[in-house]
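Trainee: The structure is given below, and queries will be raised subsequently.
Bear in mind that the values in this text are calculations on the coordinates, not laboratory data. Predicted, not measured: the structure shown is a model, and the values here were computed from it. All Cβ positions, glycine included, derive from the backbone under ideal geometry; neighbour counts span all protein chains shown.
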Ligand code: URA
């Protein structure tokens with residue numbers, strides 16, 4: 001990405017462009033207010049492995065989305081990542097390329113990570129659904145149910161220190177709630193024993209500049225949470 005576009009994204013997020021890469025200074029992070037617990041026990045077998053899981057996802061016909069997808073989008077990144085990012089579902093570009101978050105929202109997500117000193121190679125990025133819903137409609141309950149096993153097995157294999165739920169649908173699905181994103185953000189939740197921090201979806205941030213500072217606060221909270229896990 002050229003520098004001008006990068007700076008535009010950073011500015012859209014309210015991130016001062018002089019921020020040293022990797023710095024966690026800036027606005028005060030939120031104090032965690034509540035710990036929720038959501039999600040069933042993860043049931044991947046001890047012998048589960050990436051290649052098998054990836055092949056299963058690639059050939060999945062568990063729901064009707066297999067008929068309309070171009071290809072599945074398994075997820076991408078570090079299989080031993082401390083940070084696992086979970087979005088909603090592939091969009092058009094992701095469906096075409098077989099990779100998560102590759103459209104303009106993906107570029108902003110990359111910049112959000114960069115602003116907190118992370119590259120996409122250091123994290124693992126996936127979605128609740130591995131197939132694109134037609135016209136990017138919201139995932140249906142049966143589709144979420146069909147895909148749930150794949151996400152759980154990914155979590156079990158990676159064992160991240162933190163899950164970033166990217167956007168309302170991912171947050172509500174992971175945390176099994178219909179609370180608004182505004183109420184879910186700014187708190188540390190848990191999925192089994194893994195902390196979950198909810199962040200605004202970059203596609204929403206691209207449209208809603210007033211929320212940019214909150215996005216930065218959410219990232220700070222995530223950093224603080226990982227540090228506390230390590231400490
Ligand atoms: N939005 C998402 O939630 N996931 C993607 O992979 C792309 C856009």
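Trainee: Take the residues of the range 73-100 that are part of a strand (DSSP E or B) and more than 10 Å from the ligand (Cβ to nearest atom): which is nearest to residue 51 (Cα to Cα)?
Mentor: The first filter runs over the range 73-100 and keeps only residues part of a strand (DSSP E or B), leaving 76-77, 83-87.
Cutting the leftovers down to more than 10 Å from the ligand (Cβ to nearest atom) gives us 77, 83-84.
On the way: 77: 14, 83: 21, 84: 19 Å.
Residue satisfying both the conditions and the ranking: 77.
Trainee: Still on this structure, I have one more. Output the number of the condition that residue 160 fails; it satisfies all remaining conditions of (1) assigned to a loop (DSSP other than H, G, I, E, B); (2) away from the ligand (no atom under 16 Å from the Cβ); (3) within 26 Å of residue 65 (Cβ to Cβ); (4) out of contact with any strand residue (DSSP E or B) (no Cβ under 7 Å at 6 or more places or on another chain).
Mentor: For residue 160, the exception is condition (4).
Trainee: Ok, one more. Counting only residues that are farther than 13 Å from residue 203 by Cβ and in a loop (DSSP other than H, G, I, E, B), which one in the range 101-120 is farthest from the ligand (Cβ to nearest atom)?
Mentor: Only one residue tops the list, namely 117.
Trainee: Just wondering, is there one or more residues in the range 130-139 that are within 11 Å of the ligand (Cβ to nearest atom), part of a helix (DSSP H, G or I) and surrounded by fewer than 24 Cβ atoms within 10 Å (Cβ to Cβ)?
Mentor: Taking every residue of the range 130-139 in turn, at least one turns out to be within 11 Å of the ligand (Cβ to nearest atom), part of a helix (DSSP H, G or I) and surrounded by fewer than 24 Cβ atoms within 10 Å (Cβ to Cβ).
Trainee: Could you go through the range 52-63 and let me know if any residue there is within 12 Å of the ligand (Cβ to nearest atom), touching a residue at least 24 places away in the same chain (Cβ under 8 Å) and surrounded by 15 or more Cβ atoms within 10 Å (Cβ to Cβ). So that I can check it myself, show each step before the final result.
Mentor: Step one: list which residues in the range 52-63 are within 12 Å of the ligand (Cβ to nearest atom), which gives none.
Looking for residues that are within 12 Å of the ligand (Cβ to nearest atom), touching a residue at least 24 places away in the same chain (Cβ under 8 Å) and surrounded by 15 or more Cβ atoms within 10 Å (Cβ to Cβ), one finds none in the range 52-63, hence no.
Trainee: Quick check on my filter: what residues within the range 166-193 are outside any helix (DSSP H, G or I) and within 14 Å of the chain's Cα centre (by Cα)? Reasoning before the result, please.
Mentor: First, the residues of the range 166-193 that are outside any helix (DSSP H, G or I): 166-167, 176-180, 185-193.
Residues satisfying the conditions are 166, 167, 185, 191.
Trainee: Would you point out the residue of the range 194-217, among those that are in a helix (DSSP H, G or I) and away from the ligand (no atom under 16 Å from the Cβ), that is surrounded by the fewest Cβ atoms within 10 Å (Cβ to Cβ)?
Mentor: Among residues in the range 194-217 that are in a helix (DSSP H, G or I) and away from the ligand (no atom under 16 Å from the Cβ), the one surrounded by the fewest Cβ atoms within 10 Å (Cβ to Cβ) is 210.
Trainee: Within 16 Å of the ligand (Cβ to nearest atom) and crowded, with 21+ Cβ neighbours inside 10 Å, is that true of residue 150?
Mentor: In short, yes.
Trainee: In the range 70-79, is there at least one residue being out of contact with any strand residue (DSSP E or B) (no Cβ under 6 Å at 6 or more places or on another chain) and without any contact (Cβ under 8 Å) to a residue 24 or more places away in the chain?
Mentor: Scanning the range 70-79 turns up no residue that is out of contact with any strand residue (DSSP E or B) (no Cβ under 6 Å at 6 or more places or on another chain) and without any contact (Cβ under 8 Å) to a residue 24 or more places away in the chain.
Trainee: Also: Kindly indicate which of 188, 166 is within 24 Å of residue 74 (Cα to Cα) and either crowded, with 21+ Cβ neighbours inside 10 Å or touching a residue at least 24 places away in the same chain (Cβ under 8 Å) (or both). Lay out the reasoning, then the answer.
Mentor: On the way: 188 fails: within 24 Å of residue 74 (Cα to Cα).
Sole residue among the options that is within 24 Å of residue 74 (Cα to Cα) and either crowded, with 21+ Cβ neighbours inside 10 Å or touching a residue at least 24 places away in the same chain (Cβ under 8 Å) (or both): 166.
Trainee: Against the condition touching a residue at least 40 places away in the same chain (Cβ under 8 Å) and surrounded by 23 or more Cβ atoms within 10 Å (Cβ to Cβ), how does residue 127 come out, does it pass?
Mentor: Judged against the criteria, residue 127 is a match.
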